[in-house]
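Report on the structure given below.
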Amino acid sequence: MDNNFYLNNQEDEMEFMPMIPLSEEDEDDADGKPFPGELPLLPLRNTVLFPGVVIPITVGRDKSIKAVNDAYKADKLIGVVAQKDSAIEEPTVSDLEDIGTVAKIVKLIKMPDGGTTIIIQGRKRFKIEEITVEDPYFKATIKVLEEEGSKGDKDFDAMVSSIKDLATQIISLSPNLPSEAGIILKNIENPSFLIHFVSSNLNSDIRQKQQLLEISNIKARAELLMSLMHTELQYAELKNKVTNKTRAELDKQQREYFLQQQMKAIKDELGGENFAELKEMQKKAEAKKWTESVKDMFHKGLEKLERMHPSTPDYSVVYNHLDLMLDLPWDSYTEDQYDLKKAKKVLDLDHYGMNKIKERILEYLAVLKLKGDMKSPILCFLGPPGIGKTSLGKSIAAAINRKYVRVSLGGLHDESEIRGHRKTYIGAMPGRIIQSIRKIKSSNPVMILDEIDKVGTDHRGDPSSALLEVLDPEQNNSFYDNYLELEYDLSKVLFIATANNINNIQPALRDRLEIIDLSGYAVEEKIEIAKRHLIPKQKEMHGLKPNGFKMSDSVLEKVIEDYTRESGVRELDRQLASIMRNQAKEIVMRGKLKPTITNKDIEKILGKPRYSNEIYRMANMAGVAVGLAWTYVGGDILFIETQLSEGKGELKLTGNLGNVMKESASTAFTWLEANGKKLGLTVEEFNKKDAHIHIPEGATPKDGPSAGITMMTALASAYTGRKIKPYLAMTGEITLRGQVLPVGGIKEKVLAAKRSGIKEIIMCFQNEKDVSEINPQFIKGIQFHYVKTMQQVLDIALT
């Protein structure tokens, strides 16, 4: 197979670049002899050889290789003719053109693959007279054709000049033609060779090239060449225009791509793996439902990071800020559970009692279900420790199918803990609220603000003032965190604060809270809580089987009354844990347990009773009254002792009393002096005796007006010598006019009285409404006396 040996052939349709001829002169063979009348023929598939032009040819067909070898060994002359159809593998006589070119084999090279490459130079055109031999290769008698010259013809000279110009233009427009071609053209002086050289390089059809070769008149050949060159020039211009247009578009894309790759390479060198991290951040940001202001801040931060080296101090500041923005659940909410019956069931399962709170949560859910959207209430559970305020928050979250997060505010004294630090500070962090939202991955959790009454205040600021914004439903939809530097919507968060003492909460903050009072538990409630929650929990914690042994209600009541004095159930839980440890020891040592625990067993395990109600019977002497007090851990019982001694009618007070309590004692003493005649007392008795009021447990500070009637009753008992009824307690404020005023903490005080075995209680008639809120089962056996005046108190209390 005869193929052209292409030089710089980058496109399929491109012609090879013919070499410069050794000589531009027309000559016969090297010795000046005429060409022989018979020559071997070399058929070429896609090439027309012109006189004077040197081209390389790869010879592949066996016939052609033999013809070339024989010609090279002889006179090195061979007749080169074009095939009419380049697709024919084995051409016959009829497939060959009549006119070809006598060629001189300049060089023959044997290739390693067995092929042969020859370099040939065209000499003269010829016409085949007759094919004499067809095998092993074609041989033919030829007639050499002479050129019809046009010397001295000005038109011809102009044509030659035009051909040079056109060729130069085509070369400049064709990027695949080497620039050296233009230099060669300028140096060709022979018009005939110039035409042949350009014709050979022309990007035209092989038929058109063969047509050029067949024209004997050089001028006519030049005219046809010019016509073909004009077509070629137009094609080149059009192609160049299209190429430039597409290249402009591609160049822009390639330029951007190239620059991006370079930037990536530079960043990889400088920043290592941070480029991939930033790409990941960008990807995450695209999935976020952000407002325009948040998007702008994120993209500005990301651009900053791209310009920074990871080792610079500011890099981590900006990176952490963007990381927080990505971690926060913007507009990501959990779906509320609107099944009120199921919610009530969950609340009842987790906590016994607390009906007021449960009702409030169910009301909130009902409104949410009807309206679909509602500002969350800011609830505050107020009550003594150990009654389950914090754990109730967790139950509420489970009941309404929300996530739960707890923020402990006890001992907090820096407002930055709430609002966050400015990110320019070293170690700056967002505030506790934003941190909790980030951790829980939801914008509508149940958030417990634990121990809100124990927030501290110092020179670093007042955190309770910072909480004003968090806990105001009108403001918290745009809560501003100093670290985040953006507004965040907290209006869907259900905030639940817990507190023991409402007086420690600053008034502005208290005003924002919907306070729900949680009083202590009655004995009956504690028994139920122990049976339902505490005992199963302690059995599991101590590795005891659920049905290993039983504790009756009477045994639990003994544990509660004789070994605990509290509003909640924490101490009860600890006592039950002691019992479980003892049972665990028994089962390990003896391998079995008693089926039931008795009161005797309790005394063996827990020791002698710590508390007894007998003290109230023993205290039955004149001048000793039993008062009811409220403390932040619940209700309590206190004794008020009065002793008279010879003196000048002075009143002495001891027992670590506060100013309000001292003033109550003075008021009681003055009223008793003024109304002594009604009790059968004379002025001399008051003038000659000093009264000393003492309230035991002197290390404990005591204050408040509610012991007014108790101190007055104790003084009256001491002066008259009449004893006070046993198992009687009282609470109420007094006035100089002898009226009894209502006091607070009634439920805690009444339950404390019940725990202590008190059977009668005196209080102001206005406190009757507070008693009606207590479950009648819990105060069964207590008789209440509702009074308006101090005289009524004495009539009931003194025997």
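Relative contact order (percent) for the chain, with alpha-carbon contacts under 8 angstrom and 6 or more residues of separation?
Result for the chain is 7 percent.
Taking a probe of 1.4 Å, how large is the accessible area per residue of region 401-466, in Å²?
Here the residues of region 401-466 average 45 Å² of exposed surface.
Measuring with a 1.4 Å probe in the full set of protein chains, what accessible area per residue, in whole Å², belongs to region 31-186?
Accessible surface, normalised per residue, equals 47 Å².
Using a cut-off of 29 Å between alpha-carbon atoms, which lysines can reach Lys154, once sequence neighbours fewer than 8 places away in the same chain are excluded?
Filter leaves Lys124, Lys164, Lys186, Lys209, Lys219.
Ranked highest first by average number of other Cβ atoms within 10 Å, how do 240-246, 729-735, 565-571, 168-174 line up?
In descending order of packing, they fall as 729-735, 565-571, 168-174, 240-246.
Using only Cα atoms and rounding to the nearest 10 degrees, what angle (0 to 90) does helix 570-590 make with the longest principal axis of the chain?
80
Tell me which lysines have Cα within less than 16 Å of Lys725's Cα, excluding those fewer than 8 residues away on the same chain?
In chain and number order, the partners are Lys759.
Using protein chains only and a probe of 1.4 angstrom, how many square angstrom of Tyr483 are accessible, to the nearest 10?
Tyr483 exposes around 10 Å² with every protein chain in place.
For each pair in Lys245/Lys295; Lys454/Lys604; Lys264/Lys300; Lys245/Lys279; Lys454/Lys492, compute the distance between the two Cα atoms and list the pairs where it is over 29 Å.
Lys245/Lys295; Lys454/Lys604; Lys245/Lys279
Sorting check: for 338-348, 47-57, which peptide has the highest mean count of neighbouring beta carbons within 10 Å, and how do the rest follow?
Final packing ranking: 47-57, 338-348.
So, with a 1.4 angstrom probe, what is the percent of accessible area on region 489-617 that is carbon and sulfur? All intermediate terms of the calculation are to be shown ahead of the outcome.
Values: 3240 of 6700 Å².
Result for region 489-617: 48 percent of the exposed heavy-atom area is carbon or sulfur.
Excluding same-chain residues fewer than 8 positions from Lys688, which lysines have a Cα within less than 25 Å of its Cα?
Lys648, Lys652, Lys662, Lys677, Lys678, Lys723
Which percent of Cα-Cα pairs in the chain sits in each 20 Å bin, short to long?
Computed distribution, short to long bins: 12, 23, 17, 10, 10, 11, 10, 5, 1.
To the nearest 0.05, how large is the calculated FRET efficiency for Glu286 and Asp331 if R₀ is 22 Å and r is the Cβ-Cβ distance?
Given R0 = 22 Å and the Cβ-Cβ separation, E is 0.90.
On a 0 to 90° scale, report how tilted helix 274-286 is relative to the longest principal axis of the chain, with both axes built from alpha carbons and the result rounded to the nearest 10.
70
What is the percent carbon and sulfur in the accessible area of region 173-271, measuring with a 1.4 Å probe over the protein chains and ignoring ligands?
It is 55 percent, rounded to a whole number.
At a 10 angstrom cut-off on C-beta neighbours, averaged per residue, how do the peptides 466-478, 705-717 rank from highest to lowest? Show your work: numbers first, answer last.
On the way: 466-478: 18.1, 705-717: 27.0.
Packing proxy ranking, top to bottom: 705-717, 466-478.
The values are calculated or read from the model by the stated rules, or taken from the named source; none is laboratory data. As the structure is a prediction and not an experimental result, all values here were calculated from the model. Reconstructed Cβ throughout: ideal geometry from the backbone, glycine too, with neighbour counts over all protein chains shown. Quick note on the areas: whole protein, heavy atoms, side chains included, nothing else; ligands and nucleic acids left out. Shrake-Rupley method; radii C 1.70, N 1.55, O 1.52, S 1.80 Å.
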